[in-house]
Amino acid sequence: MQVSDVATKFFRPEATAPFVNLYRLTPKAGILKRNPPHYHPDTFEIFAVYHGHLDWTVGEETHSLRPGDFILVPPNVVHGAVDANLQVSKVIALHIAPDELPDDLARALESLAVTRTRDPSVLDLVRRVFDEHRRKTPLLSSLAPALAALLISTLVDLSKDEERLESSRLVRRAQKALMEKYGTRPTVNEVADRLGVSAVWLTRCFIRETGASPGDWARSKRIFEAKQLLADGKLTTSDIAFELGYSSGQVLATAFRKECGMTPTEYRALHQSREPSETQEPDCYSMRIYYEDRDEVVGDDN
């Protein structure tokens with residue numbers, strides 16, 4: 001184990017099969033692009049948020065992750081954080097190798113697509129896996145496979161929960177309606193009427209699915225779009241405000257500061273100070289070997 005840098009607390013205990021890598025990351029505020037787009041060719045990543053508010057892209061979709069959110073990313077799916085560290089956060093990530101599992105469990109895991117859930121049992125299991133590794137539990141060689149089996153079976157059960165799936169479909173339709181690009185964006189009541197449900201029920205489904213009300217989710221999504229346009233540097237703040245349906249640049253600036261802890265001008269300046277990336281291609285990280293050649297693997301169990 002090595003000592004973490006001044007910006008990030010990072011603790012990575014030694015992994016026990018079928019887990020090939022696991023870590024707890026607590027980045028401080030104000031860091032840009034610490035986790036650029038990448039993929040893992042041979043492991044499923046399990047990523048759980050316990051503190052903070054993170055924007056993650058998985059494939060073509062952006063997820064605004066909040067405490068209690070969990071996301072499963074299959075092999076070869078491009079993912080990464082988008083300015084995740086503008087605010088302090090705490091996450092735990094696990095990597096499971098299918099070829100370290102019994103055949104039936106491997107098939108079950110490989111049947112899962114990108115999965116996002118707020119199920120408390122999943123969050124508890126992720127924390128339990130990490131804590132048992134952190135403590136170097138004497139029976140870990142037997143306990144780790146058992147916990148992996150329980151985690152996978154729980155995820156499979158969730159993927160077959162018809163009520164949850166219907167709620168998820170409703171929320172995704174509402175999200176699409178809330179982010180319409182043309183004209184005045186509809187209110188929550190208008191979206192609920194359009195979908196044939198009550199605003200109360202839609203809000204309940206939204207909170208269960210995303211951890212936020214429809215209005216809060218839409219505000220976070222608009223701020224994410226503002227980040228992209230500010231980083232691009234082609235539009236003024238007032239133009240961006242108009243593009244995203246804000247009444248003025250000042251209204252956008254107020255909302256942006258509340259969400260990100262800085263003004264749009266400060267955010268743009270931070271991006272302009274970064275060195276341009278040499279390539280836009282996502283990196284490929286095999287978690288079996290990624291840390292073997294790195295000196296900056298850090299341990300900070302606080």
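Assorted remarks:
Here is a yes/no grid of residues against (1) in the same structural domain as L244 (by TED's automatic domain parsing); (2) touching a Ser or Thr at 6+ places or on another chain (Cβ under 9 Å); (3) at positive phi:
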{"position": "V171", "(1), (2), (3)": "yes, yes, no"}
{"position": "A174", "(1), (2), (3)": "yes, no, no"}
{"position": "P186", "(1), (2), (3)": "yes, no, no"}
{"position": "D193", "(1), (2), (3)": "yes, no, no"}
{"position": "G196", "(1), (2), (3)": "yes, no, yes"}
{"position": "W201", "(1), (2), (3)": "yes, no, no"}
{"position": "I207", "(1), (2), (3)": "yes, yes, no"}
{"position": "T210", "(1), (2), (3)": "yes, yes, no"}
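- Considering L94, L123, L155, L109, the condition of being buried (at least 17 other Cβ atoms within 10 Å of the Cβ), assigned to a strand (DSSP E or B), at negative phi and not assigned by TED's automatic domain parsing to the domain that holds G261 is satisfied by L94 alone.
- Condition check for S198: in contact (Cβ under 8 Å) with a residue 24 or more places away in the chain and of a type in the set (S, T, Y): no
- Tallying residues that are small (G, A, S) and surrounded by 19 or more Cβ atoms within 10 Å (Cβ to Cβ) within the stretch 255-274 yields 1.
- One residue from E163, E132, E190, E180 being surrounded by 13 or more Cβ atoms within 10 Å (Cβ to Cβ) and more than 24 Å from F47 (Cβ to Cβ): E190
- Qualifying residue in the stretch 227-248 (condition: of a type in the set (D, E) and farther than 23 Å from A174 by Cβ): yes
- Matching residues, the stretch 165-182, being basic (K, R) and either touching a residue at least 12 places away in the same chain (Cβ under 8 Å) or not in a helix (DSSP H, G or I) (or both): R173, K181
- Qualifying residue in the stretch 11-23 (condition: more than 21 Å from C260 (Cβ to Cβ), within 13 Å of the chain's Cα centre (by Cα), modelled with pLDDT under 95 and part of a loop (DSSP other than H, G, I, E, B)): no
- As a summary of the residue check, D104 satisfies the conditions (1) part of a loop (DSSP other than H, G, I, E, B); (2) modelled with pLDDT of 85 or more; (3) acidic (D, E) except for the one numbered (1).
- Selection over the stretch 228-277 of residues that are more than 23 Å from the chain's Cα centre (by Cα), in a helix (DSSP H, G or I) and among the polar types (S, T, N, Q) gives a count of 7.
- Residues in the stretch 203-255 that are within 30 Å of P120 (Cα to Cα) and in contact (Cβ under 8 Å) with a residue 60 or more places away in the chain: R208, E209, T210, G211, A212, W217, S220, K221, F224.
- Whichever residue in the stretch 224-242 is touching a Lys or Arg at 6+ places or on another chain (Cβ under 9 Å) and modelled with pLDDT of 85 or more and, among such residues, is surrounded by the fewest Cβ atoms within 10 Å (Cβ to Cβ): T237
- Restricting the stretch 199-211 to residues that are surrounded by 18 or more Cβ atoms within 10 Å (Cβ to Cβ) and at pLDDT below 85, the residue that is farthest from T265 (Cα to Cα): E209
- So K33, is it at pLDDT below 85 and more than 14 Å from the chain's Cα centre (by Cα): no
The values are calculated or read from the model by the stated rules, or taken from the named source; none is laboratory data. Since we're looking at a predicted model, the values are computed, not measured. For neighbour counting, all protein chains shown are included, and Cβ atoms are generated from backbone atoms with ideal geometry for every residue, glycine included.
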